[in-house]
Amino acid sequence: MKLIIDGSTGFVGTEIVRQALSHPGITSVVGLARRPTLMPHDEGPGMDIRKLKLISVTITRARSVSQEKAREICLDYTMTGLDTISQLSRGSASKPFRFIYTSGAKSERDPGKSPWFMSDYLLLRGEVETRVLNYAKEFGGAVESCVAKPKLVDGETGPIIRALQTVGCYIINMPRVEVSDLAAALLQQVVEGFDSDTLLNEDLIRIGQKSLAD
Ligand SMILES: NC(=O)c1ccc[n+]([C@@H]2O[C@H](COP(=O)([O-])OP(=O)(O)OC[C@H]3O[C@@H](n4cnc5c(N)ncnc54)[C@H](OP(=O)(O)O)[C@@H]3O)[C@@H](O)[C@H]2O)c1
């Protein structure tokens with residue numbers, strides 16, 4: 001299977017690239033990013049760096065964005081990417097194009113609701129989730145889509161940061177998922193097929209831990 005990772009320079013994207021390079025079911029990895037993607041440093045057995053191709057999509061790097069720009073980045077870029085790749089010819093006997101949109105646990109799909117915190121942004125992300133899922137339904141089987149909704153994603157940090165995160169998560173009642181489990185779950189689902197159209201934090205932990213243990 002060929003894999004395209006949008007945002008391959010990011011925290012989650014970097015771990016997906018790392019795991020994908022040693023995944024036997026993945027034959028090619030294309031990383032889309034606006035700056036150079038770092039090569040994974042901890043090459044394990046079976047990691048094949050030749051699978052990786054990097055494509056730069058833009059040179060701009062805005063730190064803070066208006067709501068209008070956020071809408072363009074979150075919604076327009078996502079739907080344009082999904083639509084563009086869906087239209088590509090993949091041969092007559094090809095498997096469906098599977099698309100996972102990594103959103104967040106707090107995103108809100110119901111436009112009638114108003115989250116108390118970052119309302120516009122969370123509603124925007126929820127709108128993207130709905131559009132991504134509806135897009136696949138309209139495509140009639142050739143495209144399958146899924147939304148992953150992780151809570152706080154944990155990676156390797158120092159003991160002080162980890163302690164602060166633990167306290168912070170406890171206070172706001174925010175469970176976490178390890179970045180390695182999340183990446184493993186996303187890869188397992190995209191290669192084997194989606195268990196459901198929405199993967200919640202507990203699903204991602206369960207699938208990711210099982211996949212890493214197998
Ligand atoms: N980290 C968490 O705790 C967490 C929790 C829940 C959900 N999520 C979701 O998981 C996804 C990945 O998160 P992450 O932590 O890996 O984020 P991240 O480290 O900020 O990475 C985001 C990626 O998207 C790219 N990107 C951002 N804006 C862009 C733009 N305007 N044009 C082109 N590329 C752009 C970044 O490129 P640059 O490297 O050039 O900036 C980077 O590759 C996000 O959708 C996030 O909402 C994350």
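The values are calculated or read from the model by the stated rules, or taken from the named source; none is laboratory data. It should be emphasised that the depicted structure is a prediction, and the values quoted were computed from it without experimental measurement. Every residue, glycine as well, gets a Cβ built from its backbone with ideal geometry; the counts of neighbours run over all protein chains shown. Heads up: the accessible areas ignore ligands, DNA and RNA and are worked out on the full protein's heavy atoms, side chains in. Shrake-Rupley method; radii C 1.70, N 1.55, O 1.52, S 1.80 Å.
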Base-10 log of normalised Debye intensity for the chain (one unit scatterer per alpha-carbon) at q = 0.07, 0.17, 0.18 Å⁻¹ = -0.22, -1.44, -1.61
Per residue of region 134-139, in order, report the coupling 6.51 cos²θ - 1.76 cosθ + 1.60 (Karplus, θ = phi - 60°) as ³J(HN,Hα) in whole Hz, putting x for Gly and Pro.
-> 5, 4, 5, 4, 5, 7
Backbone HN-Hα couplings from phi across region 97-108 [Karplus 6.51/-1.76/1.60, Hz, Gly and Pro as x] = 7, 9, 10, 10, 9, 8, 9, x, 4, 8, 4, 10
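Which of the residue pairs 2/106; 53/149; 113/149; 151/210; 2/151; 69/106 have a Cα-Cα distance greater than 23 Å in the structure shown?
On the way: 2/106 30 Å; 53/149 27 Å; 113/149 18 Å; 151/210 19 Å; 2/151 27 Å; 69/106 21 Å.
Those over the limit are 2/106; 53/149; 2/151.
Classify region 46-148 as rounded, prolate or oblate, taking a ≥ b ≥ c as the square roots of the eigenvalues of its Cα gyration tensor: rounded when a/c is under 1.5, otherwise prolate if a/b is larger than b/c and oblate if not.
Values: a/c = 2.11, a/b = 1.39, b/c = 1.52.
Here region 46-148 falls in the oblate category.
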Under a plain spin-label model, where a point goes 7 Å from the Cα along Cα-to-Cβ, how far apart in nm are residue 160 and residue 87?
-> 5.2 nm
Of the convex hull enclosing the alpha-carbon atoms of region 1-61, the direction-averaged projected area in nm² is 3.8 nm²
Given 12 as the ceiling on other Cβ atoms within 10 Å, longest exposed-site-free region of the chain for chymotrypsin sites (Phe, Trp or Tyr not before Pro) in DSSP loops = 1-115
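Of all GluC sites (Glu not before Pro) in region 171-212, which ones are in loop regions per DSSP and have a Cβ with at most 15 other Cβ atoms within 10 Å?
Values: sites: 178, 192, 202; in loops: none.
Passing both the DSSP loop test and the Cβ count: no residue.
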Average accessible area per residue (Å²) across region 62-214 - probe 1.4 Å, nucleic acids and ligands excluded | 59 Å²
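Could you tell me which GluC sites (Glu not before Pro) in region 98-172 are loop residues by DSSP with no more than 14 other beta carbons within 10 angstrom of their beta carbon? Please report the intermediate quantities before stating the final value.
On the way: sites: 108, 127, 129, 138, 144, 156; in loops: 108, 156.
Hits after loop and neighbour filter: 156.
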Could you list which residues have their amide H under 5 Å from that of residue 199, counting only those 5 or more apart in sequence or on another chain, with H placed in the peptide plane?
-> 147, 148, 149
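For region 98-214, what is the Kirkwood estimate of the hydrodynamic radius, computed as the reciprocal of the mean inverse distance between distinct Cα atoms, to one decimal in Å?
Values: mean 1/r = 0.0654 Å⁻¹.
Evaluated over region 98-214, this radius sits at 15.3 Å.
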Output for region 114-214: trypsin sites (Lys or Arg not before Pro) sitting in coil per DSSP, at most 10 other Cβ within 10 Å, listed by number, reads none
Backbone HN-Hα couplings from phi across region 188-201 [Karplus 6.51/-1.76/1.60, Hz, Gly and Pro as x] = 4, 5, 6, 7, 8, x, 7, 5, 7, 7, 9, 10, 7, 3
Using a probe of 1.4 angstrom, how much of the accessible area of the chain is carbon and sulfur, in percent?
-> 57 percent
